[in-house]
Amino acid sequence: MPSPPNILLVLTDQHRLSAVGAYGPTPCKTPHIDALAAEGMLFRNVYTACPVCTPARASLITGQAPHNHGMVINTEDRSTIVHQVPDAPYLLPRRLESLGYQLGYTGKWHLGSPDRFKLNAPIAPCMPSDVGFEGDDFPGHGDGGWGFPSFEEYLRDRGLKVSYTQWPEDREAFRERRAFRIMEGEIEATVPYFLTSNTIDRIDRFVSADGGRDAPFFLWHNYWGPHEPYCPTPEYLDMYRDVDLPPWLNFDWPALATDGPHRFTLAPPVRERGANLPWDVWADGIRYYYAFTTMIDDQIGRLMAHLRHSGLLDRTVVIFMADHGEALGDHGGTYNKGWTHFEETHRIPLIVRMPDGSGAGQTCDELVSLLDIYPTILEMAGAPDPGDRPPFPARWPFELPHHPDGRSLVPLLRGEHVPWRDAVVSEFHGLYDNTCIMRTMRCGRYKYGYTFLGRDELYDLETDPHEVNNLIEDPAHASTVARLRRRLIEWMAAHWDTASNGLVATKMS
């Protein structure tokens, strides 16, 4: 029986598809991610479990949809159901630990903190080291990682200095988010370089500490970007200063004249002005985003080069993906994430490079979920198949056994023709507060967006890939709407999502 492979999971933060060259023409330069796609399988239709950091990351570590694991909004926000991911045998690191894996974690966590109290109630602290990982214990979101003591110690030990210049004065509207910065200093003084160095050191320690036992490693490597604050150094920003960026094809969408929760994610100056900002303002910000992405891409290249030069690449599965996407002025001025059903925030990159070369240079068009990563990694590691999901308990007490909500991608990576899902669902519960029920379902050519007590949305992605025309009230699509609502109810019932009660009560009468 072959030895289980090493597994490297590289996760970027808030990374939209238009900032990955392998997904189509873009001004954004990502040569190292593109090279990974040439050596691996690129999945074209991948959707996050939730377009918010903590819920998506909790889905990766638990294998469950947010409504099941309970971390439905970010950990630091008051009304999330669960504030810290609980240490449990089913967590991905605990499962891999039981299979003999060495475990390493680098970078952004956003699944808990060292706090022992939240809202005056006792809670169990949860950091990577509390759930089996060796590595970085960075609590909360981290604001880009610049203020953590270990990074400051890294700079001092190497005699490195770093400072930043804030967004220019004529772009005052965005300064409140501290989103755009130019880092003044050497590339070695940036957080992406620091994180990559940490992971390289862990790889070397795992190999040397193994002592010939051939114990595989699982390394979860997380960048704080290209999530804002966008922090490129001048040489990366210079790559984009003179690059022409045409407006998004949905830039002029009448957001303020259209009912919907998307209004909550419009950039503050858009709401204040009652109109979108000029495209040149957005284009300047997008240049920072692209520059930061290219800076991170170079560090991914550095990580891949180390695996190659150390002879580990032919024994290591490399998974590259993002937790969710990013809105940057699309649809009339939406910014950041949340409160929409749109592709820019829900659809994410996923590339898997297998050590035996299977799937190299191929693309997969099946509907895939971020929830599929948990069972995929466990199958690669040799874990037994979890079997079919049990039904929801019929009576109290509702003791729900842990069961992954996704399915393994290994058959697709092997090129096997297997029956696959016809629909994939993302969910949203709110940003900063648990105040909303939204479910987004992609089914074939259509995208159906359910909003509790709000106007639903329907887009034909084949004829309208930029989601400009909401067909929800078009009589010609009434049967499609009814069919997709029934399909969403089926999915919700199968995945123990009790929000289906609201859908039945408000949309199916």
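The values are calculated or read from the model by the stated rules, or taken from the named source; none is laboratory data. Everything numeric in this text was worked out from a predicted model, so none of it was measured. Using ideal geometry, Cβ is built from the backbone for each residue, glycine included, and neighbour counts are taken over all protein chains shown.
In the list VAL207, VAL243, VAL281, which residue meets the criterion of being closer than 29 Å to GLU97 by Cβ, surrounded by fewer than 23 Cβ atoms within 10 Å (Cβ to Cβ) and aliphatic (A, V, I, L, M)?
Among VAL207, VAL243, VAL281, only VAL207 is closer than 29 Å to GLU97 by Cβ, surrounded by fewer than 23 Cβ atoms within 10 Å (Cβ to Cβ) and aliphatic (A, V, I, L, M).
Any residue in the stretch 232-248 that is assigned to a helix (DSSP H, G or I) and within 27 Å of GLY140 (Cβ to Cβ)?
Scanning the stretch 232-248 turns up at least one residue that is assigned to a helix (DSSP H, G or I) and within 27 Å of GLY140 (Cβ to Cβ).
With respect to TYR164, determine if the residue is of a type outside the set (Gly, Ala, Ser), more than 21 Å from CYS53 (Cβ to Cβ) and at pLDDT 95 or above. Spell out the reasoning first.
Numbers: of a type outside the set (Gly, Ala, Ser): yes; more than 21 Å from CYS53 (Cβ to Cβ): yes; at pLDDT 95 or above: no.
For TYR164, the condition - of a type outside the set (Gly, Ala, Ser), more than 21 Å from CYS53 (Cβ to Cβ) and at pLDDT 95 or above - is not met.
Being touching a helix residue (DSSP H, G or I) at 6+ places or on another chain (Cβ under 8 Å) and outside any helix (DSSP H, G or I) is the filter here; which residues of the stretch 281-312 pass it?
Selection gives SER310, LEU312.
Which residues, taken from the stretch 434-483, are among the polar types (S, T, N, Q) and closer than 19 Å to ALA423 by Cα? Steps first, answer last, please.
Restricting attention to the stretch 434-483, the residues satisfying the condition of being among the polar types (S, T, N, Q) are 434-435, 440, 451, 463, 469-470, 479-480.
Within the stretch 434-483, THR440, THR451, THR463, SER479, THR480 meet the criteria.
Considering only residues that are of a type in the set (Lys, Arg), assigned to a helix (DSSP H, G or I) and modelled with pLDDT under 95, which ones fall in the stretch 175-221? First the steps, then the outcome.
Pass one, the stretch 175-221, residues of a type in the set (Lys, Arg): 175, 177-178, 181, 202, 205, 213.
After this cut, where a residue has to be assigned to a helix (DSSP H, G or I) as well, the list is 175, 177, 202, 205.
ARG175, ARG177, ARG205 - these are the residues of the stretch 175-221 that are of a type in the set (Lys, Arg), assigned to a helix (DSSP H, G or I) and modelled with pLDDT under 95.
What's the number of the only condition in (1) surrounded by fewer than 24 Cβ atoms within 10 Å (Cβ to Cβ); (2) out of contact with any helix residue (DSSP H, G or I) (no Cβ under 7 Å at 6 or more places or on another chain); (3) part of a loop (DSSP other than H, G, I, E, B) that THR26 fails to meet?
With (1) surrounded by fewer than 24 Cβ atoms within 10 Å (Cβ to Cβ); (2) out of contact with any helix residue (DSSP H, G or I) (no Cβ under 7 Å at 6 or more places or on another chain); (3) part of a loop (DSSP other than H, G, I, E, B) applied to THR26, the lone miss is (2).
Of all residues being within 20 Å of CYS50 (Cα to Cα) and at pLDDT below 95 in the stretch 365-404, which is surrounded by the fewest Cβ atoms within 10 Å (Cβ to Cβ)? Just the residue, please.
Step by step, filter the stretch 365-404, then rank; the result is HIS402.
Could you please tell me which pairs satisfy a Cβ distance under 7 Å, a separation of 6+ or placement on different chains, a first residue in the stretch 52-80 that is closer than 18 Å to HIS15 by Cβ and of a type in the set (Lys, Arg), and a second residue that is at pLDDT below 95 and surrounded by 24 or more Cβ atoms within 10 Å (Cβ to Cβ)?
So the pair list comes out as ARG57/HIS110; ARG57/LEU111.
Can you name every residue in the stretch 469-489 that is among the aliphatic types (A, V, I, L, M), part of a loop (DSSP other than H, G, I, E, B) and touching a Phe, Trp or Tyr at 6+ places or on another chain (Cβ under 8 Å)?
LEU471
Looking at the stretch 318-330, is at least one residue at pLDDT 95 or above, part of a strand (DSSP E or B), crowded, with 24+ Cβ neighbours inside 10 Å and in contact with a Pro (Cβ under 8 Å, 6 or more places away or on another chain)?
Scanning the stretch 318-330, I find at least one residue that is at pLDDT 95 or above, part of a strand (DSSP E or B), crowded, with 24+ Cβ neighbours inside 10 Å and in contact with a Pro (Cβ under 8 Å, 6 or more places away or on another chain), so the answer is yes.
Scan the stretch 251-280 for residues that are part of a loop (DSSP other than H, G, I, E, B) and either within 23 Å of the chain's Cα centre (by Cα) or of a type in the set (Ser, Thr, Tyr) (or both) and report the count.
Total satisfying the criteria: 2.
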